[in-house]
1. Is it the case, given these coordinates, that LEU42 is at pLDDT 95 or above and either surrounded by fewer than 24 Cβ atoms within 10 Å (Cβ to Cβ) or not assigned by TED's automatic domain parsing to the domain that holds SER383 (or both)?
2. How do the strands (runs of 3 or more DSSP E) wholly within segment 94-169 filter down when requiring 2 or more residues that are out of contact with any Gly (no Cβ under 6 Å at 6 or more places or on another chain), buried (at least 18 other Cβ atoms within 10 Å of the Cβ) and at pLDDT 95 or above: which remain?
3. Grab the helices (runs of 4 or more DSSP H) fully contained in segment 294-399, keeping just those with 3 or more residues being closer than 28 Å to GLY175 by Cα.
4. Just to verify a result, which residue in segment 109-141, among those that are among the acidic types (Asp, Glu) and in contact with a strand residue (DSSP E or B) (Cβ under 8 Å, 6 or more places away or on another chain), is nearest to LYS73 (Cα to Cα)?
5. Among residues belonging to segment 302-341 that are among the aromatic types (Phe, Trp, Tyr) and loosely packed, with under 13 Cβ neighbours inside 10 Å, point out the one that is farthest from GLY225 (Cα to Cα).
6. Before we move on, is GLU119 touching a Phe, Trp or Tyr at 6+ places or on another chain (Cβ under 9 Å) and free of Cβ contacts under 8 Å to residues at least 40 places away in the same chain?
7. Take THR258 and decide whether it is out of contact with any Leu (no Cβ under 6 Å at 6 or more places or on another chain), outside any loop (DSSP other than H, G, I, E, B) and among the polar types (S, T, N, Q).
Amino acid sequence: MKNADVAIIGGGIVGLATGWQITQRFPQTSVLILEKENELALHQTGHNSGVLHSGIYYKPGSLRAINCREGIKAMKAFCTAEEIPWDECGKVIVAVDESEFGALDNIFERGQQNGVVCEMIDEARLKEYEPHVAGIRGIHVPETGIVDYRQVAVRLGERIQEKGHLIQTGAEVVGIKHHADGITLQTRAGDFTAKQVINCGGLFSDRVARLGGAHPDSKIVPFRGEYYELKPEAEHLCKSLIYPVPNPEFPFLGVHFTRMIHGGVECGPNAVWAFAREGYTKSNINLRDLLEAATYPGFLKMACKYWKTGLGEMWRSFSKPAFVEALQRLIPEIRSEHLVAAPAGVRAQALGPDGSLVDDFLIDESDRMINVLNAPSPAATSSLRIGQSIVDLLAPRIQ
């Protein structure tokens, strides 16, 4: 059995950023990171589109807004110090007709309240930034950027290990036992003990929390985001990042164009219910995950509320022409032959029992555990700041 002062469950970017922040602030505190896979950052972090988000969309004063604003600064500084490539390429949010002006104005107002550097631009200015876009008005957000978050996560892991801390892969947590002086974590790689445990389990964070004795109201429901990639001959159609005006009734941003740090342009995602928590393809089906979501009252209520939007997302999943049509709203020159299928991602979305999609980061505390129960986008951008916030909660317990 191995011992540590603090054990972190989950080797994605939030868990690794938290571990790194502990080593920075409390260098004498021993840290253990348990990752169920044989490599770090394989799931949400490894399937991330790599956007350095500015925080323009989020409710002023929310954890997402605060952590994103501070997080993007911290992430850029970390990448610069570590010589990890990143690019402040900027993005435009595009209104294609006058019916979207009201929602665009609301986003711009949020950006102003959140301290985001952004500018409302007319069609002529929009064409200067993105000559092939179909919009008639837009918001330019110059501080938005791109990076490889898995590269960031791996570097965080290296820095943690260099300080003598342990990262144990292949260590899926299957049991949690509380004792008077600590917690035993039963894993597929053996048992580990810690004085404090931080759950950064991502797609399985709610199950880990329940293993630890917590009773979160929300449940993780997985949504798959499917992508295409532009062939090289069509990459000139997108210079930076191009986003539509999002549907204010649906907590996803709509299909968009993302230039990637290692080259290429990604198009997507849609947002469809995945039949497995790690359901990266349509054929990935896990009966436990499927039945758990399908019988959850919160999911049934959400499905009733968003059934029409959900059907549209499912149709785009099965129909490439429908997906192309959505992309053509932004860039009319896009054709089906310009697109090749790209790897999908799965978003861990916490869903409340009333059918509401939890719209903010959600962190729960007990005597010896801190559970990160909802960390959707922009969690990667915000990860260093989220880690700092978790260490603030942890500090009174280890000082």
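The values are calculated or read from the model by the stated rules, or taken from the named source; none is laboratory data. Keep in mind it's a predicted model, so treat the numbers as computed, not measured. In this analysis, Cβ positions are derived from the backbone assuming ideal geometry, glycine residues included, and neighbour counts consider all displayed protein chains.
1. Values: at pLDDT 95 or above: yes; either surrounded by fewer than 24 Cβ atoms within 10 Å (Cβ to Cβ) or not assigned by TED's automatic domain parsing to the domain that holds SER383 (or both): yes.
Spelling it out, LEU42 is indeed at pLDDT 95 or above and either surrounded by fewer than 24 Cβ atoms within 10 Å (Cβ to Cβ) or not assigned by TED's automatic domain parsing to the domain that holds SER383 (or both).
2. Numbers: elements: 119-122, 137-141, 145-147, 166-168.
It comes to 137-141.
3. Numbers: elements: 297-305, 307-318, 320-328, 379-398.
Once the helices (runs of 4 or more DSSP H) in segment 294-399 are filtered for at least 3 residues that are closer than 28 Å to GLY175 by Cα, what remains is 297-305, 379-398.
4. Taking segment 109-141 as the starting set, the residues that turn out to be among the acidic types (Asp, Glu) are 109, 119, 122-123, 128, 130.
Going one step further and asking which of them are in contact with a strand residue (DSSP E or B) (Cβ under 8 Å, 6 or more places away or on another chain), we end up with 119, 122-123, 130.
On the way: GLU119: 19, ASP122: 28, GLU123: 30, GLU130: 26 Å.
So, considering only residues that are among the acidic types (Asp, Glu) and in contact with a strand residue (DSSP E or B) (Cβ under 8 Å, 6 or more places away or on another chain), the one nearest to LYS73 (Cα to Cα) is GLU119.
5. Narrowing segment 302-341 to residues among the aromatic types (Phe, Trp, Tyr): 306-307, 315, 318, 323.
Next cut, loosely packed, with under 13 Cβ neighbours inside 10 Å only: 307, 318.
Working: TRP307: 17, PHE318: 13 Å.
Of everything passing the filter in segment 302-341, TRP307 is farthest from GLY225 (Cα to Cα).
6. Working: touching a Phe, Trp or Tyr at 6+ places or on another chain (Cβ under 9 Å): yes; free of Cβ contacts under 8 Å to residues at least 40 places away in the same chain: yes.
Yes.
7. Details: out of contact with any Leu (no Cβ under 6 Å at 6 or more places or on another chain): no; outside any loop (DSSP other than H, G, I, E, B): yes; among the polar types (S, T, N, Q): yes.
Against the criterion (out of contact with any Leu (no Cβ under 6 Å at 6 or more places or on another chain), outside any loop (DSSP other than H, G, I, E, B) and among the polar types (S, T, N, Q)), THR258 does not qualify.
Table: residues versus (1) in contact with a helix residue (DSSP H, G or I) (Cβ under 7 Å, 6 or more places away or on another chain); (2) within 29 Å of ARG110 (Cα to Cα).
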{"residue": "LYS2", "(1), (2)": "no, no"}
{"residue": "LEU16", "(1), (2)": "yes, no"}
{"residue": "TRP20", "(1), (2)": "yes, no"}
{"residue": "ARG25", "(1), (2)": "yes, no"}
{"residue": "LEU32", "(1), (2)": "no, no"}
{"residue": "GLU37", "(1), (2)": "no, no"}
{"residue": "LEU40", "(1), (2)": "yes, no"}
{"residue": "HIS53", "(1), (2)": "yes, yes"}
{"residue": "ILE66", "(1), (2)": "no, yes"}
